[in-house]
Structure formats: C-alpha cells, structure tokens
Amino acid sequence: MTGTIDFAVAGPLTTIDTLHEPALTDLPREAVEICRLVHDLVVQPTDAKGLSLPDERFAENQLRPVNGLIGALLTLDAAPLTVARDPARRVIGTCRHFAVLSCALLRYRGIAARARCGFATYFHPGRGVDHWITEYRQDGRWVRIDSEILGGSLVREPEDLATDEFLTGGEAWAAFRQGHIDAATFGVYGTENWGPAEIRGNAIRDLAALNKVEMLPWDEWGRMAASYKGNTGPEYDELIDTIAAVCATDDPDAITNLYASEDLTVHTALLQ
C-alpha cells in the first residue's frame, strides 16, 4: 500500500532539479533497467582507493541530496546518466547512495519506490552486514532490488531479493527480540560496531526512509548516540519494538505519526 505517503513523488533528498533533467532524457521506464544504470554510476570508497583519485573526491560519500550526487556525476562527466562511467568517473558513495539514487530515478519516472536501511545476509556467511537497498512497487507488492550487486552472483536474483537475504532494521530488531538471530552478528563490516545498538540505529533510519527522508548511514539524532554508547534502557528498546511493529504493518498513517515524535524526526539541519 502507498496510502498517504506518495512514494512515486520525490522527497526532500530525492528531488531532481530541472537543471539536471537533460541528463535524464533517455532514462528507461522499466524499474530494473533504471537500477542497472545506477550500478555504473556509484563506486564504493574501498574500491575507489585503488584509482589514484584526489583525496577531496572521497568527501562525495557525505552527499545526502540526490541533486548533489547528480551534480558530482555531471561535473566528472557531462554525458547523460544513461551512459555508464568507468570507476574513476563515478561518484564515490556507500550502499546508501546506490539505493537512494535508484529511488530518486524511479520516482522521477513515476514509479513508487523507497530506500530501505537494514542488513544484508549475502556479503559474509552468518552475518547481517549494515546495508541499504531499494524497493519499488509492482503487481501489488514491494520488490526489493540491490543496484550495487546487479549483474553479480552473490544472490540468485539481486533484482528481486528473497525474504531472508535482506532484513530492514525493524525486521532485524523483531528477529533479535524473538530470539531468532544473534545481535552480535549484525553490524558494520570492518569495524567493531556490532550488536543491538546497530540494529536500533538502522530501525530508526529505516523509519525515516519510509517517510522519504533517507539519511546517511552514520547520521544520528534523538537518542541514537546514547544508544550506541549503551546509555539507553528498556524504555528505549520498547520504542524500537514499536518502530519495528509499525514499519511491518506498512500503514502510512501509523508510520507518519510515529515519525512525528520529537525523538524520531530528523533535524532539518541534517537535510543538507
């Protein structure tokens, strides 16, 4: 259901300026083909390190609005976004940038789409790795697609992820609370950041994304910082229980009303 949240229309971070529309003239109208373009428009910082790029380029992964991402791409190469870039001319970004750019381009074509923040189970066996993917609406259901791994062999169908291949933050939290997963195996690969706090953080980021506010993976607001430091208790965990349950219902009114809480709404200063 899309209800009172119109996922076919851009949000504050997925709006595309008319200035950039000439670069989208030949944008495909089929969802998977749109996401396939994004696969060749973004490069992960770890992959970019071997490209001898200027140090200042790595700040591109701090870009939140899609307008900034498209502007960076066109500065590097003025060709339309339908033209694949070699890795050195792609914008340097995280999985979130793959997901949000895909989401923006899908919405530009009037396709209901949303970014989801959670954990992928296909990067490292036995672990849920901090990750973002995109969903689009087709035939009455939300199809989960990972633009970053399209064309690869990590999963059988990266254009239609299976239920257990990606868990949103809320889904992972519910599974943890029910004893189905070990929270110590969920977190950010290459860091020491694993455990319940990582799941809580992604549940809140996912709630924001469902309200069309797709934050950076390291953005924090409300009591998130306290949670990461272990300074929250049962009452905060119950709030995350509520977030997980509300997001699972996919009820737009409930999702919007919950996000309106002072503790959960993203500060406007972060929307830059």
> Based on the inverse mean of 1/r over its pairs of different Cα atoms, what is the Kirkwood hydrodynamic radius of the range 125-173, in Å?
Replying inline: 11.7
> Which of 198, 148, 60 moves most in a GNM of the chain, Cα contacts under 10 Å?
Replying inline: 60
> Which shape class, rounded, prolate or oblate, goes with the range 159-230 when its Cα gyration tensor gives a ≥ b ≥ c as root eigenvalues, a/c under 1.5 marks rounded, and past that a/b bigger than b/c marks prolate?
Replying inline: oblate
> What is the range 82-159 by shape, rounded, prolate or oblate, if you read a ≥ b ≥ c off the alpha carbon gyration tensor as root eigenvalues and call it rounded for a/c under 1.5, prolate for a/b larger than b/c, and oblate otherwise?
Replying inline: oblate
> Between residue 128 and residues 5 or more places away or on another chain, which pairs have amide H atoms under 5 Å apart, with H built 1.01 Å from N, and which residues are they?
Replying inline: 186, 187
> Counting pairs of Cα atoms in the range 190-250, how many percent are more than 19 Å apart?
Replying inline: 28
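Largest first and in whole Å, what are the equivalent-ellipsoid semi-axes of the chain based on the Cα gyration tensor, each being the root of 5 times an eigenvalue? Before the final figure, lay out each step's value.
Numbers: eigenvalues 163, 85, 67 Å².
So the equivalent ellipsoid measures 29, 21, 18 Å along its semi-axes.
Can you work out D for the range 1-59 in µm² s⁻¹ from Stokes-Einstein, where Rh is the Kirkwood radius over C-alpha pairs, the temperature is 20 °C and the viscosity is 1.002 mPa s?
145
Per residue, what accessible area does the range 1-111 have, given a 1.4 Å probe and all protein chains present, in Å²?
Working: 4760 Å² over 111 residues.
That works out to 43 Å² for each residue.
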>> Cut-off 10 angstrom, C-alpha nodes, Gaussian network model of the chain. Which of 28, 54, 80 fluctuates the most?
In response: 54
>> Can you report the principal axis dimensions of the range 136-272 using only the alpha carbons, biggest first, rounded to whole angstrom?
In response: 41, 34, 33
>> Averaging the inverse of every distinct alpha carbon separation and then flipping it gives the Kirkwood radius. What is it for the range 42-96, in angstrom units?
In response: 11.3
> Is it possible to state the helix-based mean residue ellipticity at 222 nm for the chain, with each DSSP H run of 4+ residues giving -39500 (n - 2.57), the sum divided by total residues, to the nearest 500 deg cm²/dmol? What is it?
Replying inline: -10000 deg cm²/dmol
> How far apart, in nm, are the 7 Å Cα→Cβ label points at residue 18 and residue 84?
Replying inline: 3.4
> Counting only protein heavy atoms, what percent of the accessible surface of the range 110-212 is carbon or sulfur at a 1.4 Å probe?
Replying inline: 45
> Spin-label point model (7 Å from Cα, Cβ direction): what's the residue 153 to residue 249 distance in nm?
Replying inline: 4.5
> How far is the Cα center of the range 42-92 from the Cα center of the range 213-272, in Å?
Replying inline: 30
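Using the scaling law 2.2 N^0.38 Å as the reference, what is the normalised Cα Rg of the range 5-124?
Normalised by 2.2 N^0.38 Å, the Cα Rg of the range 5-124 equals 1.02.
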> To the nearest 10 square angstrom, how much accessible area does residue 204 have with a 1.4 angstrom probe?
Replying inline: 0
> What nm value, rounded to one decimal, do you get for the distance between residue 263 and residue 138 when each label is placed 7 Å out toward the C-beta?
Replying inline: 3.9
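The values are calculated or read from the model by the stated rules, or taken from the named source; none is laboratory data. Computed from a predicted model, the values in this text were never measured in an experiment. Don't worry about glycine lacking a Cβ; one is built from the backbone with ideal geometry, like all the others, and counts go over all protein chains shown. Areas reflect the complete protein model, heavy atoms only, side chains present, ligands, DNA and RNA absent. Shrake-Rupley method; radii C 1.70, N 1.55, O 1.52, S 1.80 Å.
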